1. Of A:32, A:39, A:21, which residue is closer than 22 Å to residue B:33 by Cα and in contact (Cβ under 8 Å) with a residue 24 or more places away in the chain?
2. So which residues in the range A:62-80 are surrounded by fewer than 13 Cβ atoms within 10 Å (Cβ to Cβ) and under 21 Å from residue A:39 (Cα atoms), if there are any at all?
3. Find the residue count for the range A:94-114, including only residues that are at pLDDT below 95, more than 7 Å from chain B (Cβ to nearest Cβ) and under 16 Å from residue A:35 (Cα atoms).
4. Counting just the residues of the range B:31-59 that are surrounded by fewer than 18 Cβ atoms within 10 Å (Cβ to Cβ) and within 22 Å of residue A:5 (Cα to Cα), which one comes out nearest to the chain's Cα centre (by Cα)?
5. Can you tell me which residue within the range B:3-24, out of those that are within 13 Å of chain A (Cβ to nearest Cβ) and buried (at least 17 other Cβ atoms within 10 Å of the Cβ), is farthest from residue A:8 (Cα to Cα)?
6. Can you tell me which residues in the range A:43-61 are closer than 19 Å to residue A:109 by Cα and more than 12 Å from chain B (Cβ to nearest Cβ)?
7. Restricting to the range B:84-105, what's the tally of residues that are more than 7 Å from every other protein chain (Cβ to nearest Cβ), over 18 Å from residue B:41 (Cα atoms) and assigned to a strand (DSSP E or B)?
8. Considering only residues of the range B:43-83 that are part of a helix (DSSP H, G or I) and touching a strand residue (DSSP E or B) at 6+ places or on another chain (Cβ under 9 Å), which is nearest to the other protein chains (Cβ to nearest Cβ)?
């Protein structure tokens, strides 16, 4: 079966532009997570979707970040007015259950803001 | 607050030598613990996990890890390292407020021929 997919794999954008990152979770996985990985750092949790529940946005680093998910399928992470500090790899993960279930990660989107 | 510490940023071992990567966690209850591996340009692949029961868990690629509650540790081991094991290894604990994993900063493993 297909794993978690993300697109684009690489994105280079100019400072101030908006970008949209996409994640396709494993079919049937109800939970979806976004993480950010800055160079030489561990993963920083951004936001989580569970079914049709409204997500808690408190983990997003600023109000320039937003995320949506359509039902239990595709999710998009949008960064408005990108800044150089947004440069990172953005990783998406999905899991079958909530509550400690193992998370399956996509290959990530490498975002470079120039 | 929950946290994960990986004390070693970078480790180099010779091919065929044994390996131990350290991980310490801070968590109030019985933790759910994970080790992931990330090869260059790749996403994270789950090596093994501990939920409960036997404190020595076996994973893929010949890796194992031992949960020691008294030491708050979950160290990853492999008896004989292969050149293809060169990658970055992340320890994680389940316990974020939204069901997220909390990751250590990773240990980069280099393998000498």
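The values are calculated or read from the model by the stated rules, or taken from the named source; none is laboratory data. Being a predicted model, the structure only gives us computed values, none of them experimental. Positions of Cβ are backbone-derived with ideal geometry, glycine not excepted, and every protein chain shown enters the neighbour counts.
1. Values: A:39 fails: closer than 22 Å to residue B:33 by Cα; A:21 fails: closer than 22 Å to residue B:33 by Cα.
None of the other options fit; the residue is A:32.
2. A:62, the sole residue that qualifies.
3. 3
4. Only one residue fits best here, namely B:46.
5. B:23
6. Within the range A:43-61, just A:61 meets the criteria.
7. Residues of the range B:84-105 more than 7 Å from every other protein chain (Cβ to nearest Cβ): B:84-89, B:91-93, B:95, B:97, B:102.
If we keep only those that are over 18 Å from residue B:41 (Cα atoms) as well, we get B:91-93, B:95, B:97, B:102.
Now drop any that are not assigned to a strand (DSSP E or B), which leaves B:91-93, B:102.
Residues flagged as more than 7 Å from every other protein chain (Cβ to nearest Cβ), over 18 Å from residue B:41 (Cα atoms) and assigned to a strand (DSSP E or B) within the range B:84-105 amount to 4.
8. Restricting attention to the range B:43-83, the residues satisfying the condition of being part of a helix (DSSP H, G or I) are B:60-62, B:69-71, B:83.
Now narrow it down to the ones that are touching a strand residue (DSSP E or B) at 6+ places or on another chain (Cβ under 9 Å): B:60-62, B:71, B:83.
On the way: B:60: 12, B:61: 16, B:62: 19, B:71: 21, B:83: 22 Å.
The residue in question is B:60.
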